[in-house]
1. What residues qualify as long-range amide H neighbours of residue 237, i.e. H under 5 Å apart, gap of 5 or more or another chain, H built at 1.01 Å from N?
2. From the convex hull of the Cα coordinates of region 1-126, what is the mean projected area in square nanometres?
3. Taking the solvent-accessible surface of protein heavy atoms with a 1.4 Å probe, what is the per residue accessible area of region 1-79 in Å²?
4. Rank by packing, highest mean first: peptides 216-223, 201-208, with packing defined as the count of other Cβ atoms within 10 Å averaged across residues.
5. Sort 20, 48 from largest to smallest accessible area, using a 1.4 Å probe on the heavy atoms of the protein chains.
6. What residues have an amide H closer than 5 Å to that of residue 229, excluding those fewer than 5 places away on the same chain, when H is modeled at 1.01 Å from N in the peptide plane?
7. Just to check I understand the Karplus step: with θ = phi - 60° and J = 6.51 cos²θ - 1.76 cosθ + 1.60, what whole-Hz values come out for region 210-217, glycine and proline as x?
8. Quick query: amide H of residue 210 versus all other amide H atoms, modeled in the peptide plane; which residues come in under 5 Å with a sequence gap of 5 or more or a different chain?
Amino acid sequence: MKFVVPYLRVVAGMFAAITLWLAIVEVLNGNLADAILFVAFAAGLGYLAIGKPLRDRRRRIKAEQDAIAARAEAGHRAFLAGDVRAAMAPPPEPPKPPRIRRGVIIAAAVAGLFVLMGIISDISDGLDSPTKDDVSTTPRAAAPTTTTPYTTSAATKARTVAPETTPATRISTTQAAVAASTAVMPNVVCMDLQAAQDTIQAAGVFYSTSVDATGQGRAQVWDRNWVVVDQTPSVGASIGEGDPVLSVLKEDEFSGC
């Protein structure tokens, strides 16, 4: 049993790291109650993993300090008794820490690699909440929207300038209104999120937002793993910075594309 215990501590440490990562994912998804529960489990597993080694180290330090104190007291008594040789004797050797077996080190490295691969896989999959895996991934029906032509701020400012006095003034204000509405919403449905963002930027708008079409609030960490299933505003509408909103699903979910 003594041979197996170090490996059991490695397993406990591995599961503690996994549980702590799940707590971080829950925090990112806004589930604080589940995150606290995962943190409690991680703390318990972490104690099983490193509790005994920490207690053993504390005992070794305490034993070393006690031995030094006892040697100092013995040297002081020897000096008072006139035994200079005994008083100048070197302190005792500190206890050596136990050697860690090579197999335990290899097992810890493999466990760490396993946890790292899981974290990378989780990030590439979009950091789904582990407590909401049973939620349906069918996209919600998008509410019918109507595109209403709107006046840009530049055009509004152009209308509030001083009264027109010359044809040249009318031409300049018209050109300002046209220049302010040159960005047109392209069709990006069924593109992956990265390609959709690149297309919108090529149209003249740098900033766009994306939302989880299932309503779960999943974060789109790896854009190429998500597919656009709906867009707001519709194709051909005038857009400005932050106006495009893209509803997305993961590429392995049914999107109708």
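1. 185
2. Approximately 11.7 nm², given one-decimal rounding.
3. 67 Å²
4. The peptides rank, most packed first, as 216-223, 201-208.
5. Result of the area sort, largest leading: 48, 20.
6. For residue 229, whose amide H was placed from the backbone, the distant partners under 5 Å are 190, 247, 248, 249.
7. In residue order, the calculated couplings are 10, 10, 6, 5, 7, x, 7, x Hz.
8. 246
The values are calculated or read from the model by the stated rules, or taken from the named source; none is laboratory data. What you are looking at is a predicted structure, and each value in this text was computed from that prediction instead of being measured. Counting neighbours? That spans all protein chains shown, and the Cβs are built from the backbone with ideal geometry, glycine included. Side chains are part of the model used for accessible areas, which takes the heavy atoms of the whole protein and leaves out ligands, DNA and RNA. Shrake-Rupley method; radii C 1.70, N 1.55, O 1.52, S 1.80 Å.
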